[in-house]
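See structure below.
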Amino acid sequence: MKAQPAPSRSHVRGPFLRVLAGEALDPPPVWLMRQAGRYLPEYRRLREDAGSFLKLCLTPELASEATLQPIRRFGFDAAILFADILLIPHALGQHLEYIEGEGPRLEALTSPVDIDRLHPEERVDEVLAAVFATVTSVRSRLPHEKAVIGFAGAPWTVATYMIGGGRGLDHALHWVRKDPAGYNVLSRILEAATVRYLCAQVEAGADALQLFDSWAGTLPDDTTFRRFSVQATRRIVEGVRESHPGIPIIGFPRGASRSGYLEYARETGIDMIALDQSVNADWSARELQPILPVQGNLDPALLSPGQNGLVEEARRIRRVFQKGPHVFNLGHGIRPDADPDRVELLVSTLRNEGA
Ligand code: CP3
């Protein structure tokens, strides 16, 4: 059952929210995962001025500027909040740093006992207050027809960083295989913190939410996928809807199998499913799009210099999904070496030409 959009938000029902509610539009609305980032020279300047990535995320004037940069440049239909999925572990008291050229480093949780040392989930409200202020600022500065997307990482994806400290998946996989009940304790903590965090984003003005389960495809088997991706996501969706019944939610179970995507589409209660580039578009149009709107799924590598076939592939994806509700996006986040001129070419290809 699809919940109705909250009436108070009907004034911002531009193309992106219309598709999320089930309408087929041609051309499709477009935004790109990780659309704010190092491939943009204006982002690199802002990042340098901020000094650290965490400071950029937690200073509303800077984070709202980063959120709006790609909208000004490309006119995307939705702005995704500039923040990071690892702000939740930060709020739960885990030491977090972003190392230049390497990525995030967390003080790893090495045993279930470390879970007891995490701060209570209520800390999210206070530690991440700046994020909610960013949402409000972005909403007030964006034209009404453009949506503001709030987001969080799904529990398994966030836990892989918390357990491995940012150094890989092995420890998290070992934990989930050997002690699923112990891992479940961590999953429940993350679910509660995430519901809180997402509800606060909606209250601050977010028009839709996306849950990034970027490592869903690494869960070792159908049982752990069902338990720690599908069911964890379903509980978050239900938790958010208890306070905000109409808020549209997008789910991204990256790397899941075909049967995994189907189960996730049917069982989580999300409103739209984001497809990674490994999922066959014709199959998705046949099997997933009748269940719910789809988002995706251009290979982000096509935006890097020297790649052939960008325009053809963008047209193909548009055509395959044309008869049903589709938001054009990438199959994963845009890469730091993406060429902004190719992003411009992508947007103009989608907007100016019939497929
Ligand atoms: O534009 C946007 O999409 C909004 C902001 C956003 C960021 N991270 C900013 C960011 C979003 C939605 C994310 C999600 C995120 N963060 C995910 C899920 C999506 C995915 O890509 O799978 C994950 C796994 C993370 C964790 C994370 N944050 C990693 C692994 C890294 C390092 C890799 C990298 O790209 O640098 C980050 C850092 C990060 N998050 C940057 C940005 C713009 C780069 C930081 C910098 O400026 O140096």
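Just so it is clear, none of the values below were taken in a lab; they were calculated from the coordinates. What you see is a predicted model, and the numbers here were worked out from it, not measured in a lab. Every residue, glycine as well, gets a Cβ built from its backbone with ideal geometry; the counts of neighbours run over all protein chains shown.
For this structure, a couple of remarks:
- Loop-located trypsin sites (Lys or Arg not before Pro) across region 94-202 with a Cβ neighbour count of 12 or fewer within 10 Å are Arg117, with loop assigned by DSSP.
- Cα-based reach from Lys146 at 14 Å (exclusive), listing aspartates and glutamates while leaving out same-chain residues under 8 positions away: Asp77, Asp207
- Other residues with beta-carbon under 12 Å from the beta-carbon of Leu68 carry, at +1 per Lys or Arg and -1 per Asp or Glu, a net charge of +2.
- Local net charge near Leu86, Cβ-Cβ under 13 Å (Lys/Arg +1, Asp/Glu -1): -2
- GNM top mover of Ile99, Ile249, Ile85 - the chain, alpha-carbon springs below 10 Å: Ile99
- Inter-part distance, region 278-355 to region 12-27, computed on C-alpha centroids, equals 17 Å.
- Ranking of Val343, Val148 by count of other Cβ atoms within 10 Å, fewest first: Val343, Val148
- Rel. contact order, % - alpha carbon contacts under 8 angstrom, at least six apart, region 6-99: 26
- What the Kirkwood sum gives for the chain is a hydrodynamic radius of 20.3 Å, with every pair of different alpha carbons counted.
- Computed over region 180-323: relative contact order in percent, which uses C-alpha pairs under 8 Å that are six or more apart: 20
- Label-to-label distance, Val185 versus Arg38, with points set 7 angstrom from Cα along the beta-carbon direction: 3.7 nm.
- Counting only DSSP H runs of at least 4 residues, each contributing -39500 (n - 2.57), and dividing by the residue count of the chain, the helix-based mean residue ellipticity at 222 nm comes to -13500 deg cm²/dmol.
- Scanning the chain for GluC sites (Glu not before Pro) that sit in a DSSP loop and have at most 14 other Cβ atoms within 10 Å, the longest stretch containing none of them is 123-352.
- Taking the alpha carbon gyration tensor of region 231-355, multiplying each eigenvalue by 5 and rooting it gives semi-axes of 28, 15, 14 Å, largest first.
- Förster radius 35 Å - calculated FRET efficiency between Lys323 and Lys55, Cβ distance, rounded to 0.05: 0.15
- In this label model, Arg266 and Ser348 are separated by 4.5 nm, measuring between points 7 Å along each Cα→Cβ vector.
- Backbone N within region 71-108 under 13 Å of label point (7 Å from Glu145 Cα along the Cβ vector): 75-78
- Summed residue charge, Cβ within 12 Å of Thr59's Cβ, Lys/Arg positive, Asp/Glu negative: -1
- Point-to-point label distance, His119-Asp170, nm (Cα→Cβ direction, 7 Å offset): 3.2
- Taking the DSSP beta bridges with both ends in region 244-355, the antiparallel portion is around 0 percent.
- For Asp299, nonlocal amide neighbours, meaning residues 5 or more places apart or on other chains whose placed amide H falls under 5 Å from its own, are Gly331.
- For region 176-182, putting each phi into the Karplus relation 6.51 cos²θ - 1.76 cosθ + 1.60 with θ = phi - 60° gives couplings of 5, 6, 7, 9, x, 5, x Hz, in residue order, rounded to whole numbers and with x for Gly and Pro.
- Scattering profile of region 1-153 at q = 0.16 Å⁻¹ [log10 I(q)/I(0), Debye over alpha-carbon scatterers]: -0.97
- Calculated SAXS-style log₁₀ I(q)/I(0) at q = 0.24, 0.29 Å⁻¹ - region 130-181, Debye, Cα scatterers: -0.86, -1.07
- Centroid-to-centroid separation of region 215-269 and region 90-145 [C-alpha atoms, Å]: 21
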